[in-house]
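Below: one structure, written as structure tokens.
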Amino acid sequence: MNIATIPTEQVWGLHGVRLFDGMTPQEVLTLQEAMPIVRYRQGEYLFFAGEAADSLFLLQEGLVKVSYITLNGDEKILNIFQPGDVFGELFLGKYRHRVGEARAMEDVAVCKLCEETFLDLIHEVPRIALNFIRHLADEQRETLARMHALMRSEAKYRLLGVLLHSARRYCCTDNEWFTLPASITQEDIANMTALNRSTVSSLINDLRREGVLGGTGRSLTVHRAAIQAMLEEAGLEILV
């Protein structure tokens, strides 16, 4: 097969990766050659808080949770990443140490790119710099939206904001309903919303009765349009 005809998703096994927007298949292959694949088993750590931030990761398979441990020993989830996400890029700023730890929520495969190689690639494939700036802008917008949700006193809207964020982040289809990955538990959702587990469970049951959420037991499905309408009605358009 001629390299010019190879689709990006065939090269990487990923769809819709913003880092590759506008790149030729040859440029994508150049990136692939610079990013060796590393595999981790469920529960293994990719990095720990305090370590030098000298590389970034492109998640190819599985889910990765980045969190930090408080002085009281409680875990606080900063983000959960899915295939196609880029994370760990702190070496681009002045704070060059990890602020949290990254752990595989299931068996994962990541492509690792060290700082020196990344800077070389910017010269070889300039498009990656623009795409990375867009990635950082998108991440900032999502972070601000989640902070806005957490500042709301109403637990219901904090939960809805996190669920809508999850639906956008982890769903790769345009279906009306989205099923949350099974490895993301109600305990994780409680952590991300700064609510206790019993409150989240009660709210989920209420929203299921309202038809906004579906599923039974640990299976949780999300009706994105219904959540968007509820957030807009509450004046929380920033989360939509």
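The values are calculated or read from the model by the stated rules, or taken from the named source; none is laboratory data. What you see is a predicted model, and the numbers here were worked out from it, not measured in a lab. Here Cβ is always computed from backbone atoms with ideal geometry, including for glycine, and neighbour counts include all displayed protein chains.
Considering every residue within segment 199-213, establish whether at least one is in contact (Cβ under 8 Å) with a residue 60 or more places away in the chain and touching a Lys or Arg at 6+ places or on another chain (Cβ under 8 Å). Checking segment 199-213: not a single residue is in contact (Cβ under 8 Å) with a residue 60 or more places away in the chain and touching a Lys or Arg at 6+ places or on another chain (Cβ under 8 Å). For segment 62-77, which positions are modelled with pLDDT of 90 or more and either more than 12 Å from the chain's Cα centre (by Cα) or of a type outside the set (D, E, K, R) (or both)? Scanning segment 62-77 gives 62, 63, 64, 66, 67. Please verify whether segment 197-213 includes one or more residues that are under 19 Å from the mean Cα position of the chain (by Cα) and more than 19 Å from residue 105 (Cβ to Cβ). Checked segment 197-213: no residue is under 19 Å from the mean Cα position of the chain (by Cα) and more than 19 Å from residue 105 (Cβ to Cβ). Against the list (1) over 14 Å from residue 82 (Cβ atoms); (2) not in a helix (DSSP H, G or I), the condition residue 110 fails is (1). State whether one or more residues within segment 188-197 are free of Cβ contacts under 8 Å to residues at least 24 places away in the same chain and farther than 23 Å from residue 147 by Cβ. There is no residue in segment 188-197 that is free of Cβ contacts under 8 Å to residues at least 24 places away in the same chain and farther than 23 Å from residue 147 by Cβ.
Among the numbered conditions (1) outside the structural domain of residue 78 (by TED's automatic domain parsing); (2) at pLDDT 80 or above; (3) closer than 16 Å to residue 82 by Cα, the only one that residue 135 does not meet is (1). For the criterion of being without any contact (Cβ under 8 Å) to a residue 12 or more places away in the chain and of a type outside the set (Phe, Trp, Tyr), residue 88 fails. For segment 135-153, a tally of residues being more than 17 Å from the chain's Cα centre (by Cα) and exposed (fewer than 11 other Cβ atoms within 10 Å of the Cβ) returns 2. Listed by first and then second residue, the pairs with beta-carbon distance under 6 Å, at least 6 apart or on different chains, first residue in segment 60-81 and touching a residue at least 60 places away in the same chain (Cβ under 8 Å), second among the aromatic types (Phe, Trp, Tyr), are 76/68.
Among the helices (runs of 4 or more DSSP H) confined to segment 125-240, the ones with at least 3 residues that are under 28 Å from residue 74 (Cα atoms) are located at 127-151, 155-170, 186-193, 197-209. Within segment 187-208, being under 23 Å from residue 225 (Cβ atoms) and not charged (D, E, K, R) holds for 189, 192, 193, 200, 203, 204, 205, 207. Within segment 18-41, can one find any residue that is modelled with pLDDT under 85, surrounded by fewer than 20 Cβ atoms within 10 Å (Cβ to Cβ) and within 17 Å of the chain's Cα centre (by Cα)? Within segment 18-41 (the criterion being modelled with pLDDT under 85, surrounded by fewer than 20 Cβ atoms within 10 Å (Cβ to Cβ) and within 17 Å of the chain's Cα centre (by Cα)), the answer is yes, since at least one residue qualifies. All of 94, 156, 112 fail the test of being of a type outside the set (Ser, Thr, Tyr), more than 17 Å from residue 19 (Cβ to Cβ) and modelled with pLDDT of 85 or more, apart from 156.
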